[in-house]
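Accompanying notes for the structure given below.
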Amino acid sequence: MLVLGDAHANTPDRRQSLFAAYRAADADVALQAGDLMYYDLPVPTYFIGGNNEDFDVVESLRHGRVESDDVSNAHLLHSTAETVDGLRVAGLSGNYAPTQFEKSRDQLYDDRRRHFVRDDVERAKQLDDVDVFLAHEAPHGLPVTEEYDVGCEHIDDVLEALEPELCLVGHHHEHAESEFGPTRVVSLAPAWESYYELDPESLALTRHETPPA
């Protein structure tokens with residue numbers, strides 16, 4: 001199973017790198033942790049919305065009403081779970097903004113649609129038997145390099161409720177690992193630098209350098 005971090009594939013160079021990772025992995029299915037920004041994909045790809053997306057596409061996927069030649073094999077996880085290669089994979093789309101959190105989703109407009117709200121978090125916490133959880137925000141304790149304190153209490157709450165074996169985190173463009181309770185947490189390097197292969201049976205995650213496009 002292919003695993004990808006942020007792709008930012010709205011430019012030709014980044015899109016070529018994204019497809020180089022797909023070719024190198026030669027997998028039948030992929031997981032992606034947000035900031036995808038290109039949705040016509042070669043294999044079924046289960047992804048979460050990041051803080052940089054085409055939010056018209058993401059909202060259409062959220063509501064199951066996409067009809068476009070530019071969207072193929074893109075499956076949005078939005079406080080939902082799917083069985084993928086025998087694994088129960090779930091995800092919380094978006095990032096956190098305190099000023100938006102108590103709103104309903106239908107109060108979010110334009111780029112504000114990038115955020116998750118309390119209802120999204122509460123629905124995610126009700127999922128069960130989750131093996132792998134995708135998040136664009138990190139839980140506390142993940143040692144990535146930023147100019148601010150990394151860690152979102154609402155991701156903490158979801159992980160405490162679900163206790164997945166593995167949590168895959170986008171957004172930080174840096175490989176880093178930690179543990180949150182029983183959960184192994186991995187911040188994914190961006191797709192133009194690295195891709196990962198996930199063994200569905202052991203949940204072993206192997207990192208590879210993305211080849212030149």
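Below are the figures for this structure:
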{"quantity": "Residue pairs meeting the criteria (Cβ under 7 Å; at least 6 apart or on separate chains; first touching a residue at least 12 places away in the same chain (Cβ under 8 Å) and under 24 Å from residue 152 (Cα atoms), in region 177-197; second crowded, with 17+ Cβ neighbours inside 10 Å and among the hydroxyl-bearing types (Ser, Thr, Tyr))", "calculated": "185/178; 188/196; 191/17; 191/210"}
{"quantity": "Subset tally (residues that are open to solvent by 50 Å² or more (accessible area, probe 1.4 Å) and assigned to a strand (DSSP E or B)) for region 157-213", "calculated": "8"}
{"quantity": "The one condition in (1) open to solvent by less than 70 Å² (accessible area, probe 1.4 Å); (2) farther than 14 Å from residue 49 by Cα; (3) among the charged types (D, E, K, R); (4) touching a helix residue (DSSP H, G or I) at 6+ places or on another chain (Cβ under 9 Å) that residue 102 fails to fulfil", "calculated": "(1)"}
{"quantity": "Criterion (on the phi < 0 side of the Ramachandran plot, assigned to a loop (DSSP other than H, G, I, E, B) and either acidic (Asp, Glu) or at pLDDT below 95 (or both)) met by exactly one of 28, 56, 106", "calculated": "28"}
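Here is a yes/no grid of residues against (1) more than 27 Å from residue 63 (Cα to Cα); (2) in contact with a strand residue (DSSP E or B) (Cβ under 6 Å, 6 or more places away or on another chain):
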| site | (1), (2) |
| --- | --- |
| 118 | no, no |
| 124 | no, yes |
| 127 | no, yes |
| 131 | no, yes |
| 134 | no, yes |
| 137 | no, yes |
| 146 | yes, no |
| 151 | yes, no |
| 178 | yes, yes |
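The values are calculated or read from the model by the stated rules, or taken from the named source; none is laboratory data. Please read all numbers here as calculations on a predicted model, not as lab measurements. We place every Cβ from the backbone using ideal geometry, glycine too, and count neighbours over all the protein chains shown. Heads up: the accessible areas ignore ligands, DNA and RNA and are worked out on the full protein's heavy atoms, side chains in. Shrake-Rupley method; radii C 1.70, N 1.55, O 1.52, S 1.80 Å.
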